[in-house]
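To keep things clear, I will list the structure first and then write my remarks on it.
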Amino acid sequence: MSDPTPDPEPDPASDRADKRPLWIVVAALALGAAALWGASRLTWLAEPRAAGVRGTVLHTEDGAQAAVALVPLAVLALAGVAGMVATGGWPRRLLGAVLVLAGLAAAWIAVDGARTSGYPAGAPVGEMLAAHGLALVGGLLVAAGGALGLRWAGRMPRLGARYSAPGAKHRPADSDAHLWEALSDGEDPTIGR
């Protein structure tokens, strides 16, 4: 005897709740990558150097020159976004651990040379402090995104998970979505209409 109850309609609120951890991780990693890249564009180092005939001049370097790991760490965090979306299970956990270490490395780079006094005359002190602070925030965001990815690895959806294992069919709430579902399943949605 068949079950007379119809298939329950999918709840859009529960779908959003299932995707929320993924969006939090993606946002943390993307913001962390942007902060690290921004810190690499700001003045990171200013010191007087002998310039031959010109005497002593103020030499400045941006974060990409003075702290060369900032840009690769930003690229790693950005790649981590794609990795968190596309993977699942233990690869996602491994990626989360790598991102935690990368974030902590970026935070260490930010605090390792930061100082509040002893700058030469004419140095852009405010910009230098902002660069270190931005790198610290970026590193912490990347570490937090990796840690949340570790914690929520099983709860987050992944790319293509819909096609990975056939299961109970659910009825789409939208008739157009039903047509696309039928096409995805290899059926002709126009037959029987």
Cubic angstrom per residue, convex hull over Cα atoms of the stretch 54-143: 87 Å³
Per-residue Cβ neighbour rank within 10 angstrom, fewest leading, E187, E127: E187, E127
Relative packing of 63-71, 98-106, which averages over residues the other C-beta atoms within 10 Å, highest first: 98-106, 63-71
Among A102, L70, A131 - extreme Cα towards positive end, dipole of the stretch 31-156, charges at beta-carbon: A102
Which of V85, V142 has the fewest Cβ neighbours within 10 Å, and the rest in rising order: V85, V142
Taking T56, T87 and counting other C-beta atoms within 10 Å, the order from fewest to most: T56, T87
For the stretch 17-159: relative contact order, % (alpha-carbon pairs under 8 angstrom, 6 or more apart): 39 percent
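No lab work stands behind these numbers, since they all come straight from the coordinates. A quick note: this is a predicted structure, and the numbers were derived from the prediction, not measured. Backbone-built Cβ (ideal geometry, glycine too); neighbour counts: all protein chains shown.
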